[in-house]
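Quick notes on the structure that follows.
Every read-out reported here was derived from the displayed coordinates using simple, explicitly stated rules and does not represent laboratory data. These numbers were taken from a predicted model, which means no experiment stands behind them. In this analysis, Cβ positions are derived from the backbone assuming ideal geometry, glycine residues included, and neighbour counts consider all displayed protein chains.
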């Protein structure tokens, strides 16, 4: 396992980090306690100088181990080095501990062994953890035999063996919980991704509906209402424009994130609304992402088409301003106006062609109108809004 972490998901990695810190706490506790106990007992040990040296080395190693564990880099190699250090102390047990403390099982080395057989399962595979524990226990018994301790520490070794098995079971349960949590998180992320894909698909469908409403359906409405009764240059031009829109819907695979001039797009909107002579333009230079510019231009077109059809006047205004990063486009007329509360729910123009479009890009649209007082449609968008 590289870097002391499992190949699992977020929950497994979080579990490992907690376990690494537990190992750090255990090693720090035995290192500091062992330093005090070993220093107090060193002058009575058979090899006093070697005992002091072993205490210092163990304290330094404990500090390095804790530092690596806290950083989340408790690797199999580091655990192997720790195992070798503890095994070496066990084999020299009879030289490093006084004769009085040796058979009691409470010497600083015995305490270190009891801790090592538990935290030794952290950072390694289960088989390596159990094998490491058995190696420490075997070295402990060997050290007792070399020191000619009655019973060779077998009773204490049995306790260590139980601790080794308990450590294996505990770590297996914790890792199982981590894997189960990873599975739940993976399912959650998958569900969220599916929902996002579905939202995007529906957004694409709704935008296609908006464009068809503003082009093909608008042309058919003009023909059906008698506004265009015979084949004419105007009808042919409108049909060609509508065909380009339908073709773009079939070919589009996403929008570019590049910046485009919104004022340039808006300058063409009156002509697309077949109202070039009746719209006064007040446009400032403005660059926005392509998708945003395209959406605002279509919303402004929908607002102008509604004004041309229903306002009952021969002129309107289209304005673009940008203040403190916020883009604002206004379509205004002084026509007959309307009561917004009286608009039937099935009417698609302003609801989807304007309000829905701006909402889809994180912007907002406000329609201010009243009978006899004209209509003002305000489109706003702010980066990151």
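Tabulated results
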{"read-out": "Alpha-carbon spread of the stretch 94-145, three principal axes, descending order, Å", "value": "37, 17, 14"}
{"read-out": "Inter-label distance for residue 187 and residue 75, nm, one decimal - labels placed 7 Å from Cα along Cα-to-Cβ", "value": "3.7"}
{"read-out": "Theoretical FRET efficiency, 1/(1+(r/R0)^6), r = Cβ-Cβ of residue 53 and residue 170, R0 25 Å, to 0.05", "value": "0.15"}
{"read-out": "Euclidean distance of C-alpha centroids, the stretch 314-385 and the stretch 52-127, integer Å", "value": "73"}
{"read-out": "Three-way shape label, the stretch 75-120, alpha-carbon gyration tensor, a/c 1.5", "value": "oblate"}
{"read-out": "Residue order, fewest to most surrounding Cβ atoms within 10 angstrom, among 292, 377", "value": "292, 377"}
{"read-out": "Residues 65, 53 arranged by fewest to most Cβ contacts within 10 Å", "value": "53, 65"}
{"read-out": "Extension gain from residue 84 to residue 339, taking 0.36 nm per residue of separation minus the Cα-Cα distance", "value": "83.3 nm"}
